[in-house]
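Enquirer: Got a structure for you, questions after.
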Amino acid sequence: MKNIVSFVGHSDSGKTRLIERLVSTLRKKGHRVGVLKHTHARIKVDRKGTDTDRFRRAGAAVSAIADDRMLARFESPDEPMALLSALAAEVDILLVEGYKKLPLPKVLISDIMPKAGLKGVVATYGKRRPFARGRSPRHFGAGQTGELAGWLARTFSVTGKGPRVRLAVDGRSLGMKGFVAETMAGVVAGLVRPLKGGRGRKVAVSIDFGRKI
């Protein structure tokens, strides 16, 4: 997916605070924003013995709980890129905190470039420029949140840039090249548009073939 960008940096470098500000700014500009935080600590929300934990242990691919205001969803992703792709398909831009080892475009929140194997840095944010001018990724000074948000919107947001298509087989997202996604979207739109109630922004299609295809 082209609408994913990861924010990386040392612990307590300000990643969460920056993402919080970016979400607010991008939302005001009309973008639907998603955020995923990666943590190495075990998530304690779905505690052992809760109803959702029991459902998941029984074999549910997804277990969820909702009240009148919020929905919490629990699932075990097969692999991180499939999870990211699925989430990115639901929003205009997905901001990720962490996952520094994945092949994602990254914004580095630090004044010093880490020496160990960090690849894919497309921008930096901090008080000082960590690279020499002309030989570095785009740099945004501390406090230039608005400028960074604008650059992210122009570079990564898919708002108004055509259809976003997610294809999943037995719950596992499959990657698609642009031509395949556009072709599938065009075929579905052509079939659905003439139907009563077929005009809208999002279309969900689920097919159970009754056997493996």
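Enquirer: What number goes with the only condition from (1) surrounded by fewer than 16 Cβ atoms within 10 Å (Cβ to Cβ); (2) touching a helix residue (DSSP H, G or I) at 6+ places or on another chain (Cβ under 7 Å); (3) small (G, A, S) that A60 does not pass?
Expert: (2)
Enquirer: Tell me which residues, restricted to region 29-72, are in contact (Cβ under 8 Å) with a residue 60 or more places away in the chain and closer than 30 Å to A153 by Cα.
Expert: Within region 29-72, K29, G30, H31, R32, V33, G34, V35, L36, K37, H38 meet the criteria.
Enquirer: Report yes if R133 is modelled with pLDDT under 90, of a type in the set (D, E, K, R) and touching a Phe, Trp or Tyr at 6+ places or on another chain (Cβ under 9 Å), otherwise no.
Expert: no
Enquirer: Restricted to region 101-123, and to residues that are within 13 Å of G14 (Cβ to Cβ) and of a type outside the set (G, A, S), which residue is modelled with the lowest pLDDT?
Expert: Among those residues, the one meeting the criterion is D111.
Enquirer: Then there is this: All but one of (1) in a helix (DSSP H, G or I); (2) within 26 Å of V96 (Cα to Cα) hold for R201, so report the exception by its number.
Expert: Only one criterion in (1) in a helix (DSSP H, G or I); (2) within 26 Å of V96 (Cα to Cα) is unmet by R201, namely (1).
Enquirer: Filter region 39-83 down to the residues that are small (G, A, S) and in a helix (DSSP H, G or I) and list them by number.
Expert: A58, A82
Enquirer: What's the number of the only condition in (1) hydroxyl-bearing (S, T, Y); (2) in contact with a Phe, Trp or Tyr (Cβ under 7 Å, 6 or more places away or on another chain); (3) surrounded by fewer than 19 Cβ atoms within 10 Å (Cβ to Cβ) that S6 fails to meet?
Expert: Here S6 meets the rest and fails (3).
Enquirer: Next question, about the same structure. With respect to L36, is the statement that it is part of a helix (DSSP H, G or I) and of a type in the set (A, V, I, L, M) true?
Expert: So L36 fails the test.
Enquirer: A further question on this structure: Counting just the residues of region 88-100 that are out of contact with any His (no Cβ under 6 Å at 6 or more places or on another chain) and farther than 17 Å from T155 by Cα, which one comes out modelled with the highest pLDDT?
Expert: E97
Enquirer: Return only the number of the condition from (1) part of a helix (DSSP H, G or I); (2) free of Cβ contacts under 8 Å to residues at least 12 places away in the same chain; (3) not hydroxyl-bearing (S, T, Y) that L26 does not satisfy.
Expert: The one condition L26 does not meet is (2).
Enquirer: Among all residue pairs at least 6 apart or on different chains, which show Cβ distances below 7 Å where the first residue, located in region 139-166, is at pLDDT 90 or above and of a type in the set (F, W, Y) and the second is surrounded by fewer than 16 Cβ atoms within 10 Å (Cβ to Cβ) and not in a loop (DSSP other than H, G, I, E, B)?
Expert: Filtered contacts from region 139-166: F140/E147; W151/R138.
Enquirer: Among the candidates K15, K2, single out the residue that is under 22 Å from R164 (Cα atoms) and among the charged types (D, E, K, R). Break it down stepwise before answering.
Expert: Details: K15 fails: under 22 Å from R164 (Cα atoms).
So the residue among K15, K2 that is under 22 Å from R164 (Cα atoms) and among the charged types (D, E, K, R) is K2.
The values are calculated or read from the model by the stated rules, or taken from the named source; none is laboratory data. No experiment lies behind these values; they were computed from the predicted model shown. No Cβ is skipped: glycine too gets one built from the backbone with ideal geometry, and neighbour counts run over all protein chains shown.
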